[in-house]
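The values are calculated or read from the model by the stated rules, or taken from the named source; none is laboratory data. If you're wondering where the values come from, they're calculated on a predicted model, not measured in any experiment. Glycine gets a Cβ as well: all are built from the backbone with ideal geometry, and neighbour counts include every protein chain shown. When the accessible area is computed, the model is the full protein with side chains, heavy atoms only, and any ligands, DNA or RNA have been set aside. Shrake-Rupley method; radii C 1.70, N 1.55, O 1.52, S 1.80 Å.
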Amino acid sequence: MNKGREIKTTDVVRDRNPYHAVDGTPQLLTSVFAYMDILGFREMIGQAEEKNRQTEFLEALHNALSAGRVELEEPQDGVHSLLKKDLSTLKAFTDNIVIGWPIRDDAESETGAAFSSLGLFQFEMVRRGFFVRGALSIGLAFIDDIAVFGDALTQAYKGETELARDPRIILTESAVNAVKHHLRYYGNGLHAPQVRDLLRDADGQWFLNYLDCVLIAEEEHGPLYAELMEHKETIEKKLAEHKNRPPIFSKYVWAANYHNSFCDLHSRHFSREHKINQKLFNAPPSLILNENGLTG
């Protein structure tokens with residue numbers, strides 16, 4: 001029986017970071033690059049301190065990041081993983097996360113990997129009460145435990161701070177252009193996986209359709225209804241919590257609209273019970289006074 005060639009010590013890749021050359025020298029590589037942070041993180045810390053619940057908050061945050069990170073990290077495949085550099089590199093510091101996928105060809109496989117991993121990460125975080133905002137770019141990048149550098153970082157940081165606004169991961173111009181190029185590969189563009197991976201928002205921004213992961217086993221087992229309901233309940237809780245804080249409330253209004261729009265897009269699976277009651281976030285203005293007195 002052929003057991004394959006024996007692996008020699010010299011064959012094993014000890015430094016798995018693709019942004020390090022064989023001799024360990026830092027190298028800038030054209031990459032798909034994501035920059036993300038947790039929405040309202042400093043405020044959540046302040047609330048935990050005021051209520052003397054720092055330990056409870058830390059445990060919840062650590063559990064959420066640990067679960068989410070599993071979706072971002074590249075699975076290892078035994079012997080082959082010893083012989084190759086990783087396909088991506090991740091660096092996290094509390095509420096800031098960057099991850100890069102060095103591009104080997106035309107970036108379609110790397111953007112696909114990014115959409116899948118980031119979508120699962122974002123969904124896991126939201127289910128645990130942490131809403132993520134970020135941006136995806138394509139450009140030169142370097143990532144290791146010491147430094148993060150490159151124009152991909154500049155693009156993504158600018159996208160996150162200036163364009164993302166709501167709890168969504170948007171695509172910068174460089175990423176949008178790459179996806180438009182990839183769509184040309186398909187005779188019928190509607191069959192392209194990117195059509196489900198991404199949505200266009202009312203302000204024109206393309207963003208990651210992370211809820212599509214609840215349909216990951218759609219044909220075999222149907223949607224992940226329980227997980228979708230957890231997403232719904234988490235948003236409802238945030239809406240109630242921040243009702244009297246308009247700048248923050250508006251972020252969760254966006255999340256509620258996105259949740260309901262996703263249900264509408266897949267109405268063969270989801271009905272009114274799966275949607276968030278619009279009266280919680282989209283009620284029309286009302287009179288301040290009626291025959292019974294002051295309203296509200």
Pair list, Cβ under 7 Å, 6 or more apart: the stretch 158-178 residue at pLDDT 95 or above and open to solvent by 10 Å² or more (accessible area, probe 1.4 Å), other residue in a loop (DSSP other than H, G, I, E, B) and not hydrophobic (A, V, I, L, M, F, W, C): LEU163/GLN205
Filtered residues of the stretch 91-112 (kept if at pLDDT 95 or above, in contact with a Phe, Trp or Tyr (Cβ under 7 Å, 6 or more places away or on another chain) and outside any strand (DSSP E or B)): GLU110
Unique match (being outside any loop (DSSP other than H, G, I, E, B) and either more than 22 Å from GLU273 (Cα to Cα) or within 16 Å of the chain's Cα centre (by Cα) (or both)) among ALA202, ALA226, ALA175: ALA175
Of all residues making up the stretch 134-157, the number that are crowded, with 24+ Cβ neighbours inside 10 Å and part of a strand (DSSP E or B): 7
Filtered residues of the stretch 179-198 (kept if part of a helix (DSSP H, G or I) and either open to solvent by 20 Å² or more (accessible area, probe 1.4 Å) or touching a Gly at 6+ places or on another chain (Cβ under 7 Å) (or both)): LYS180, HIS181, LEU183, GLY189, LEU190, HIS191, VAL195, ARG196, ASP197
Near pairs, Cβ below 8 angstrom, 6+ apart or cross-chain, from the stretch 240-252 (open to solvent by less than 60 Å² (accessible area, probe 1.4 Å)) to any residue that is part of a helix (DSSP H, G or I) and not basic (Lys, Arg): HIS242/ILE248; HIS242/PHE249; HIS242/TYR252; ILE248/GLU43; PHE249/LEU239; TYR252/ILE235; TYR252/LEU239
THR10, sole failed condition from (1) modelled with pLDDT of 80 or more; (2) more than 30 Å from PRO247 (Cα to Cα): (1)
Members of the stretch 243-288 that are assigned to a loop (DSSP other than H, G, I, E, B) and aliphatic (A, V, I, L, M): ILE276, ALA283, LEU287, ILE288
Residues of the stretch 118-133 that turn out to be open to solvent by less than 20 Å² (accessible area, probe 1.4 Å) and either part of a helix (DSSP H, G or I) or among the polar types (S, T, N, Q) (or both), as a count: 7
